[in-house]
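*Asks:* Please find one structure pasted underneath; my questions will follow.
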Amino acid sequence: MEKFFYPESLVVIGVSLKRINLGHIILSSNADLGFKGRLYGVGKETGELRGMPVYPDVKSLPETPDVAIIITRAKTVPGFMKDCGEKGIRRVVIESGGFSEYSRDNRSLEEEVLEIARHYGIRIIGPNCIGTINTENQLFMPFAVLKTPLKTGPVSIVSQSGGVGDTFMRITNENHIFFNKFIAVGNKLDIDEVDSLEYLIEDKGTGAILMYLEGFSRGRDFFDAAMKSEKPIVVQKSNRSPMSAKIAQSHTAALSASDDVVSAAFHQAAVIRVNSEDELVIAAKTLMLPAMKGNRVAVLSRSGGHAVITVDACAKYGFELIEFPEEFIEKIKSLYDTNIIAHQNPLDLGEIFDYTIFTKILEVTLELPNVDGVIFNHLYQSSYEAEMSRIFLNGVSELSKKHGKPIAMTLISDAAEILDISMNHHYPTFTTPMQSATALWGSRHYHLRKEARNNRGQLEKFNLDRKRIESIQALCVREGRIPLTDEALDICAAAGIRPVPAVRIGDAGELSGLVIAYPAAVKLLSRDASHKSDIGGVKIGLPDREAVARAINEMADAVTRSPKPPRIEGFLVQEMAPKGHEFFVGGRRDPVFGPIVMAGLGGVYIELFNDRAIRLAPVTRNEAMDMLRQLKAYRIIEGYRGGGPLDTEALADIILRVGHLLGEVREITEIDLNPVIVHERGSGVSIVDSRVFFN
């Protein structure tokens, strides 16, 4: 990757001397910007373009360039790739588009290009991209006319789309956020978002990474890279429809659509997800502020109405508006005379027009140990306060650095004034109290997630009875079916997830020798019944053997009389579990991110309330507990309306074991445990039903 950003020599293939084409523009832009590397062109006409030599073919070049940019018709690219390979060029950027329109001998043009690249050991960015930019050396690969040198900043950008990438560059610069490096990966034929991310994580010039992605080439590798990054990663992920149309008949699959998995992976790896370019700018500005280390906020406002709006915004994010101590109020009173304004949080500064007093009040506020961040609503008239406001912002910047606390500045003035400050002042500002509150929440949330990620703990190892699992799988493969309920519960037992005692029988006649505690439950065993309860295949609370026999006979009779009777392969008689609260634990193998685990409110309400948390598996105990705290039903777990707290450790243990099972047994594609009956703290859980799917 290094040579794509720091080449000492560069050739553009597809340069015209007679007219201004895209290759012509790329060479000219690099000359205008002052790129210090040696520049060459290849085109149909030979000669010079502003002193840069243009040759008729690649083999005529006087040296082997570090990087070649190909920007010719798609069908010509394989030939130029071979020429580059023969010349010894090992880095190629293919900016040409239109590859999907061509195929040769049942091979796509992209496959042909990749085959050539592998033969010669060439790494490719693209096709259908605008390449890389490096503001440190003024390297500029996009086919855009640019004459003014680019300012260098701490943010780097990765984009799957050249157009969106261009938007990212423009809106960040318009908000005084300058970028260091840029890469548009295009169709990701070879180099993808993971290669780019891994490079930028190690790049000394990059302090934060902004990304636009439509899909993942290697989801698990992206996750693994993000998990190790100490640099903030902000991602706008579009194309939010499911990655796979094939969904098995399980709750896990139904409740973990692809975009939910993306959000879970981002949450787990402390990746900041944004939904729009506006949110991206807010996130990028937030990263320029010191970390919000706590939840306590002070609001200072030159407008009483905006102070009220700010309180609502803080309430939305659960911030605590601290109560100002008496000594703080006495200090404030010593700074200015007032008999009108109440000295409370929010502090209304509407009658103050001395900017030095604003600065002093802000510093006194930051000195309070119980203040973690400040929102300052600055309402002013630019016609006579513009210069003072800029001087004030300089002071705000120094105070924020000095005290290591974020100050979210809400600028409320005319549009031209706000735009001018956004573009030309280094301190990040926001345009509404909600934006300012969002910025502080974003900072707090990011650092909490990063702290949780860095303190996730160690993965625990569990014993697996692989032979038991393999024998069940082999039987299911031979018979062309999924595991029956008793077999699925046996798989759970093989992973250390012990179900309630149960016995499988063929019919009611086998009950005579059955030893089981009552009350009991009876479940139909059938490969054709996806959900047993839907066809009356479950009876619970049966007090004795006679009741179980009647239930079996009635169930068999009802199933036989149904319009499409499923085959009966036996019955499972289970001991009834003690009363408790019903939860759900499941997992599946996502086509992009690999194994995931999920937990939530269970029983018949699982899909109705959709209260669940997802993580990429396997998970640590800390991550399992974090999943439970994420649930709306966590109030039940803690103990609600007189109910005692539930056994969270036992429930977390089930999550760990399901995640471990999926991670170790790749043949399992999906698993559901529903319900997992959770009892009071110290009393464990009861596993009464399971469904397992093999690939």
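The values are calculated or read from the model by the stated rules, or taken from the named source; none is laboratory data. Keep in mind the model is a prediction, meaning the values are calculated, not measured. With ideal geometry, Cβ positions are generated from the backbone for all residues, glycine too; neighbour counts draw on all protein chains shown.
*Asks:* Given the structure, is residue 291 closer than 30 Å to residue 617 by Cα and within 14 Å of the chain's Cα centre (by Cα)?
*Replies:* Working: closer than 30 Å to residue 617 by Cα: yes; within 14 Å of the chain's Cα centre (by Cα): no.
No: the conditions fail for residue 291.
*Asks:* Of these, 62, 53, which one is assigned to a strand (DSSP E or B) and either closer than 29 Å to residue 135 by Cβ or over 41 Å from the mean Cα position of the chain (by Cα) (or both)?
*Replies:* On the way: 62 fails: assigned to a strand (DSSP E or B).
When all the criteria are applied, what remains is 53.
*Asks:* A further question on this structure: Just to be sure I understand the filter: pairs with C-beta atoms under 6 Å, separated by 6 or more residues or on different chains, first member in region 227-241 and modelled with pLDDT of 85 or more, second member among the hydroxyl-bearing types (Ser, Thr, Tyr) and in a strand (DSSP E or B). Which pairs pass?
*Replies:* 236/212
*Asks:* If we scan region 600-618, do we find a residue that is basic (Lys, Arg), within 27 Å of residue 667 (Cβ to Cβ) and touching a residue at least 60 places away in the same chain (Cβ under 8 Å)?
*Replies:* Of the residues in region 600-618, the ones basic (Lys, Arg) are 612, 615.
Restricting the remaining residues to those that are within 27 Å of residue 667 (Cβ to Cβ) gives 612, 615.
Next, only the ones that are touching a residue at least 60 places away in the same chain (Cβ under 8 Å) stay: 612, 615.
Yes, region 600-618 contains at least one residue that is basic (Lys, Arg), within 27 Å of residue 667 (Cβ to Cβ) and touching a residue at least 60 places away in the same chain (Cβ under 8 Å).
Residue-wise test of (1) surrounded by 15 or more Cβ atoms within 10 Å (Cβ to Cβ); (2) at pLDDT 95 or above; (3) under 15 Å from residue 409 (Cα atoms).
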| position | (1), (2), (3) |
| --- | --- |
| 335 | yes, no, no |
| 339 | no, no, no |
| 353 | no, no, no |
| 373 | yes, yes, yes |
| 377 | yes, yes, yes |
| 384 | no, no, no |
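*Asks:* Does at least one position in region 301-320 carry a residue that is in contact with a strand residue (DSSP E or B) (Cβ under 7 Å, 6 or more places away or on another chain), among the hydrophobic types (A, V, I, L, M, F, W, C), outside any helix (DSSP H, G or I) and modelled with pLDDT of 90 or more?
*Replies:* Step one: of region 301-320, the residues in contact with a strand residue (DSSP E or B) (Cβ under 7 Å, 6 or more places away or on another chain) are 301-304, 306-307, 310-311, 314, 319-320.
Now drop any that are not among the hydrophobic types (A, V, I, L, M, F, W, C), which leaves 307, 311, 314, 319.
Going one step further and asking which of them are outside any helix (DSSP H, G or I), we end up with 319.
When the remaining residues are screened for being modelled with pLDDT of 90 or more, the result is 319.
Within region 301-320 (the criterion being in contact with a strand residue (DSSP E or B) (Cβ under 7 Å, 6 or more places away or on another chain), among the hydrophobic types (A, V, I, L, M, F, W, C), outside any helix (DSSP H, G or I) and modelled with pLDDT of 90 or more), the answer is yes, since at least one residue qualifies.
*Asks:* Something else now. Looking only at region 435-472, how many residues end up being out of contact with any Gly (no Cβ under 7 Å at 6 or more places or on another chain), of a type outside the set (D, E, K, R) and either under 30 Å from residue 525 (Cβ atoms) or buried (at least 18 other Cβ atoms within 10 Å of the Cβ) (or both)? Please lay out each step first, then the result.
*Replies:* Filtering region 435-472 for residues out of contact with any Gly (no Cβ under 7 Å at 6 or more places or on another chain) gives 435-439, 441-461, 464-472.
Filter once more, so that each one left must be of a type outside the set (D, E, K, R): 435-439, 441-443, 445-448, 452, 454-455, 457-459, 464, 469, 471-472.
Remaining after also requiring either under 30 Å from residue 525 (Cβ atoms) or buried (at least 18 other Cβ atoms within 10 Å of the Cβ) (or both): 435-439, 441-443, 446, 464, 469, 471-472.
Qualifying residue count for the region: 13.
*Asks:* If you go through region 621-644 one residue at a time, do you hit one that is at pLDDT 95 or above and assigned to a loop (DSSP other than H, G, I, E, B)?
*Replies:* The answer is no, given that none of the residues of region 621-644 is at pLDDT 95 or above and assigned to a loop (DSSP other than H, G, I, E, B).
*Asks:* Turning to a different aspect of this structure: Does residue 564 satisfy being in contact with a His (Cβ under 9 Å, 6 or more places away or on another chain), more than 18 Å from residue 672 (Cα to Cα) and either part of a loop (DSSP other than H, G, I, E, B) or assigned by TED's automatic domain parsing to the domain that holds residue 618 (or both)?
*Replies:* Working: in contact with a His (Cβ under 9 Å, 6 or more places away or on another chain): no; more than 18 Å from residue 672 (Cα to Cα): yes; either part of a loop (DSSP other than H, G, I, E, B) or assigned by TED's automatic domain parsing to the domain that holds residue 618 (or both): yes.
Answer is no for this residue.
Table: residues versus (1) modelled with pLDDT under 95; (2) exposed (fewer than 14 other Cβ atoms within 10 Å of the Cβ).
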site	(1), (2)
474	no, yes
489	no, no
494	no, no
499	no, no
506	yes, yes
535	yes, no
555	yes, no
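*Asks:* Contact list please: Cβ distance under 6 Å, first residue in region 675-695 and within 20 Å of residue 485 (Cβ to Cβ), second residue of a type in the set (Gly, Ala, Ser) and buried (at least 24 other Cβ atoms within 10 Å of the Cβ), pairs at least six apart or on different chains.
*Replies:* 675/602
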